[in-house]
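**Q** First, the structure itself, so that you have it in front of you.
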Amino acid sequence: MERNWVLTFVVYFAVFSLIVIVGMVSVRLITHQTDTAPTVTPSLASSSAPEELPKITPEETKQNANAQNPVPPTPTKPFSFVVLADAEDYGVPSGHNAILEHMLASGAAQKPTFAIFSGDLITMPDTLPSRITNLLALLNRHYPTYYIAFGKHDIECGNQCVDVWNKLFFHIKNPTKKDRILYHSFDHENTHFVLLSSDYPLKHGVDDAQLAWLDDDLTKTDKENIIVVSHVPPINFYKESTETCHDMTCDEARRMRLQNILAKHHVDLVLSGHEHTFDHRIVDNVVYILAGNVGNGKRYKNTLWQSSFLYITIDGPHITLKLLDENGNALQQKPIK
């Protein structure tokens, strides 16, 4: 029995010794790993106080959200308008051709959003307020909204005529010299419209003040389409007009400035009258259109003569032009853009 006790003691001692040896080896290994680990030198940033993050305002949060999730542009509605040109007539008390009222009705039947008249609606050799009053009453019967780019015959009596138009058409109660500005612009949906004054204060031309205004006006617009209306066309359509200064040729420097401004600002379409016909040209990627005429005869050989007007539709970036006869029947259709 004594022998068994001794044997048991030896076994327990051996096991205890083995546990101690294994523990010492483990400690040595851990210590070795700690000693050989790379030393990390603290950076200046970690040794200083933590940097405070900038505070973001609610406005900035909204801006960031909009940048990440941009709001799509508001879609614009398609719209249309008619363009009538050159109805003047010296032989009648009204100062305009009798067919004007019929063609106004034909245009209104297309259900346009508004109408544009590219000048020479009536003759005004003298201050005849009743002539303008009667004309405006006629236009109002067919179009709730319309715009006029004045021509030579509309303002033949000069400043006096301009004052009458200002009072009766622009509703300026007591027009003065500073009000004698007939050019202006407006926006409709995605399109910017400019109406120039190509026969006042200069005849068959656009003066320096108006050129500066036009350049500034077109610089400011952000509209998708740009349409300019000028009674006298800014380009030379026919040599007969060039030879007789019936167009802007006799003020070539200003004419070229105007043409360059239109090209510089990527104008899509320029609408004119004056030549009593329909025609079209493309110069410097700008489309120039002569808008037909209302009852006036042919001016030159080899030009289209027929009483006609334009019906233009705009749908987003797309501009489509139709030439219609006096009864509203389609003669031609042209995609402009």
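The values are calculated or read from the model by the stated rules, or taken from the named source; none is laboratory data. Please read these numbers as outputs of a predicted model, since none were measured by experiment. When we count neighbours, we look across all protein chains shown, and the Cβ atoms used for this are built from the backbone with ideal geometry, even at glycine. For accessibility, only protein heavy atoms count, side chains too; no ligands or nucleic acids. Shrake-Rupley method; radii C 1.70, N 1.55, O 1.52, S 1.80 Å.
**Q** Stretch GLU156-LYS203 to full length: gain in nm at 0.36 nm per residue minus the Cα-Cα span?
**A** That works out to 15.9 nm of additional length.
**Q** Normalising by the residue count of the stretch 107-164, find the relative contact order in percent from Cα pairs under 8 Å and 6+ residues apart.
**A** Averaging sequence separation for qualifying contacts and normalising by length gives 53 percent for the stretch 107-164.
**Q** For ASN296, what charge total do you get from the other residues with a beta carbon under 13 Å from its beta carbon, if Lys and Arg give +1 and Asp and Glu give -1?
**A** Values: positive: LYS298, ARG299; negative: ASP86, GLU88, ASP89, ASP120, GLU275, GLU326.
Within the 13 Å Cβ shell, the charges total -4.
**Q** What percent do you get for the relative contact order of the stretch 170-209 when only Cα pairs under 8 Å and 6+ apart count?
**A** On the way: 27 pairs, mean separation 9.5, N = 40.
Reported relative contact order: 24 percent.
**Q** Please give the solvent-accessible surface of ASP325 in Å², to the nearest 10, using a probe radius of 1.4 Å with every protein chain present.
**A** Its heavy atoms expose roughly 20 Å² to the probe.
**Q** I've got another one for you. Provide the solvent-accessible area of VAL92, counting protein heavy atoms only and rolling a 1.4 Å probe, rounded to the nearest 10 Å².
**A** Accessible area, nearest 10 Å²: 50 Å².
**Q** Turning to a different aspect of this structure: Using a Förster radius of 22 Å, what is the FRET efficiency between ALA98 and GLN306 based on their Cβ-Cβ separation? Nearest 0.05, please.
**A** Rounded to the nearest 0.05, the efficiency is 0.85.
**Q** Can you give the accessible area of THR74 in Å² (nearest 10), computed on protein heavy atoms with a 1.4 Å probe?
**A** 120 Å²
**Q** Ok, one more. Checking the cross-link filter: which lysines have an alpha carbon closer than 21 Å to that of LYS111, excluding same-chain neighbours under 8 positions apart?
**A** Hits, sequence-local ones excluded: LYS77, LYS322, LYS334.
**Q** Would you rank CYS157, CYS250 by solvent-accessible area, highest first, keeping every protein chain in place and using a 1.4 Å probe?
**A** Of CYS157, CYS250, the descending order of accessible area is CYS250, CYS157.
**Q** Within the stretch 276-313, find all residues whose amide N lies under 14 Å from a label point positioned 7 Å from the Cα of ALA330 along Cα-to-beta-carbon.
**A** Of the residues in the stretch 276-313, 311-313 have backbone N under 14 Å from the label point off ALA330.
**Q** Counting Lys and Arg as +1 and Asp and Glu as -1, what is the net charge of the other residues whose Cβ lies under 12 Å from the Cβ of SER94?
**A** Taking every Cβ under 12 Å from that of SER94, the sum is -2.
**Q** Once you have the Cα-Cα distance between ASP216 and ASN134, take 0.36 nm times their residue separation minus that, and quote the gain in nm to one decimal.
**A** 25.9 nm
**Q** Which FRET efficiency value, to the nearest 0.05, is calculated for THR127 and THR74 with the Förster distance at 51 angstrom and r the Cβ-Cβ distance?
**A** Efficiency, from the Cβ-Cβ distance: 0.65.
**Q** Subtracting the Cα-Cα distance from 0.36 nm times the residue separation, let me have the gained length for ALA253 to ALA109 in nm, one decimal.
**A** Extra length from ALA253 to ALA109 when fully extended: 47.6 nm.
**Q** Next up: What residue among THR244, SER230, HIS266 has its Cα farthest toward the positive end of the dipole of the stretch 182-288, where the charges are +1 on Lys, Arg and -1 on Asp, Glu, each on the Cβ?
**A** THR244
**Q** For the stretch 122-138, what does the Karplus curve 6.51 cos²θ - 1.76 cosθ + 1.60, with θ = phi - 60°, yield as ³J(HN,Hα) per residue in whole Hz, taken in order and with x for Gly and Pro?
**A** So the J values, rounded to whole Hz, are 9, 9, 9, x, 8, 6, 10, x, 5, 5, 5, 4, 5, 4, 5, 4, 5.
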